[in-house]
1. Test each condition in (1) in contact with a helix residue (DSSP H, G or I) (Cβ under 6 Å, 6 or more places away or on another chain); (2) modelled with pLDDT of 65 or more; (3) part of a loop (DSSP other than H, G, I, E, B) for residue 238 and report the one that comes out false.
2. Quick check on segment 483-494. Is at least one of its residues in the same structural domain as residue 400 (by TED's automatic domain parsing), out of contact with any helix residue (DSSP H, G or I) (no Cβ under 8 Å at 6 or more places or on another chain) and either surrounded by 11 or more Cβ atoms within 10 Å (Cβ to Cβ) or modelled with pLDDT of 60 or more (or both)?
3. Does segment 109-118 include one or more residues that are in the same structural domain as residue 176 (by TED's automatic domain parsing), without any contact (Cβ under 8 Å) to a residue 24 or more places away in the chain, surrounded by fewer than 18 Cβ atoms within 10 Å (Cβ to Cβ) and in contact with a helix residue (DSSP H, G or I) (Cβ under 9 Å, 6 or more places away or on another chain)?
4. How many of the residues making up segment 119-161 are outside any loop (DSSP other than H, G, I, E, B), crowded, with 17+ Cβ neighbours inside 10 Å and within 28 Å of the chain's Cα centre (by Cα)?
5. Is it the case that some residue within segment 457-467 is at negative phi and either modelled with pLDDT of 85 or more or part of a loop (DSSP other than H, G, I, E, B) (or both)?
6. Could you list all residues from segment 401-410 that are under 19 Å from the mean Cα position of the chain (by Cα) and surrounded by fewer than 21 Cβ atoms within 10 Å (Cβ to Cβ)?
């Protein structure tokens, strides 16, 4: 409108103004003007909306800061916080049972839940034992936690700890941290064999240590160990305990010296994942050949890793036509166990000559009741939005799921020594892998060269003919002997016929007269 002056103010300016209206009885004045109760409520409502809008802008700006920290070139590496399982997994009808504790609640997420109360007395017993063996007073150890509570609180997602005061959170972490250290020490050394605790409680309690929603900051455990006179024994116990939790079977387990990871883990689940995917030696793991930490450091320094050219043409995911172990075997590809020290190491070897077979080599694994919860919680950890990673465990599980369709595939893997079944029937193992592999997305680069080599070999009709011939005529030693004998007889028959033919030709020549 002509002659009028509009003044636009920012949200910050609006909130910084002091509104001198006094909301008392209707009819009172402020700044010399009469303002009704309705007008006052309108102004108050606008003020509240402005406050809410400012909070939304703050969240928007924090999101930008969070993104820059988590991007590969964002400079400082962001540390993922302890949080609830991502919604995509938590709401899946088959997955919920893998994420909830069976026996004991650790940390703030499930603390206070009624069904976990019976385990609280065991935690106090463990804590009391830890304190006595530490050579320190219980209040001294509690104060170690209390003085660092601000930093420890930042290890959790804000939503997880908002209902706990510093004192309540410090006491919870003190008890749970001491109980975890003592339980691992007892499990590794049998130091608590005199305690009357049932084996099923210990087994399920061990499973609960590796649930994403049951994690405690590893720095808390480190601070408590550093404060104990038993520090050296505790560190050895944790190393031995973590070694026992790796699901590799037989010779494939890493040597103890490779468990000495120099970088401080975020929590126990993070340490377990690191032991499964990172080795000091060069290995063929998902994605590129470099270890996770080397790749992250290189990308954060701003130097993009050199692009490796594959010897085979890169195929899209949908072009892989093989389905399971049985189909691979029909094409002449046999699955064999390796002696690699990494769970995720998978290699493919082409045959050296016509009488040998192609081999898909996998690290042997042990399948038991703990495998499902461990894998699904490792996958949930990789899916956390603030954790930058290459989805190594997720990609590995999906590769195995692509090999296992039914009981026949599990039987073949078990017979070849790639899989040890402690779960029950082979049908249960097949169902477990098919269940875990539902609605997951791998790293597109994971095992790309292996998949391409398999598909190239699988597409060869000559390889299929050779495999069929070998399968039909060389299934047992007796068939091999029969085929060999038949070939020998045919060969001898051919030679006999040849020499007989030569003799006939020689005898039929006309005589030369002198």
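1. Among (1) in contact with a helix residue (DSSP H, G or I) (Cβ under 6 Å, 6 or more places away or on another chain); (2) modelled with pLDDT of 65 or more; (3) part of a loop (DSSP other than H, G, I, E, B), residue 238 violates only (3).
2. At the first step, the residues of segment 483-494 found to be in the same structural domain as residue 400 (by TED's automatic domain parsing) are none.
No, segment 483-494 contains no residue that is in the same structural domain as residue 400 (by TED's automatic domain parsing), out of contact with any helix residue (DSSP H, G or I) (no Cβ under 8 Å at 6 or more places or on another chain) and either surrounded by 11 or more Cβ atoms within 10 Å (Cβ to Cβ) or modelled with pLDDT of 60 or more (or both).
3. Within segment 109-118, the subset in the same structural domain as residue 176 (by TED's automatic domain parsing) is 109-118.
Remaining after also requiring without any contact (Cβ under 8 Å) to a residue 24 or more places away in the chain: 112-118.
From what is left, the residues that are surrounded by fewer than 18 Cβ atoms within 10 Å (Cβ to Cβ) are 112-115, 117-118.
Then drop every residue that is not in contact with a helix residue (DSSP H, G or I) (Cβ under 9 Å, 6 or more places away or on another chain), which leaves none.
Within segment 109-118 (the criterion being in the same structural domain as residue 176 (by TED's automatic domain parsing), without any contact (Cβ under 8 Å) to a residue 24 or more places away in the chain, surrounded by fewer than 18 Cβ atoms within 10 Å (Cβ to Cβ) and in contact with a helix residue (DSSP H, G or I) (Cβ under 9 Å, 6 or more places away or on another chain)), the answer is no, since none of the residues qualifies.
4. Of the residues in segment 119-161, 7 are outside any loop (DSSP other than H, G, I, E, B), crowded, with 17+ Cβ neighbours inside 10 Å and within 28 Å of the chain's Cα centre (by Cα).
5. First pass over segment 457-467, keeping only residues at negative phi: 457-467.
Retained after the next criterion (residues that are either modelled with pLDDT of 85 or more or part of a loop (DSSP other than H, G, I, E, B) (or both)): 460.
Scanning segment 457-467 turns up at least one residue that is at negative phi and either modelled with pLDDT of 85 or more or part of a loop (DSSP other than H, G, I, E, B) (or both).
6. 401, 402
Let's see how each residue does on (1) over 25 Å from residue 247 (Cβ atoms); (2) loosely packed, with under 15 Cβ neighbours inside 10 Å; (3) modelled with pLDDT under 85; (4) within 14 Å of the chain's Cα centre (by Cα):
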residue: 317; (1), (2), (3), (4): yes, yes, yes, no
residue: 321; (1), (2), (3), (4): yes, yes, yes, no
residue: 324; (1), (2), (3), (4): no, no, no, no
residue: 358; (1), (2), (3), (4): yes, no, no, no
residue: 364; (1), (2), (3), (4): no, no, no, no
residue: 367; (1), (2), (3), (4): no, no, no, no
residue: 375; (1), (2), (3), (4): no, no, no, yes
residue: 384; (1), (2), (3), (4): no, no, no, yes
residue: 387; (1), (2), (3), (4): no, no, no, yes
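The values are calculated or read from the model by the stated rules, or taken from the named source; none is laboratory data. In this text, all values refer to a predicted model and were calculated from it rather than measured experimentally. Cβ coordinates were reconstructed from backbone atoms using ideal geometry, including for glycine residues, and neighbour counts include every protein chain displayed.
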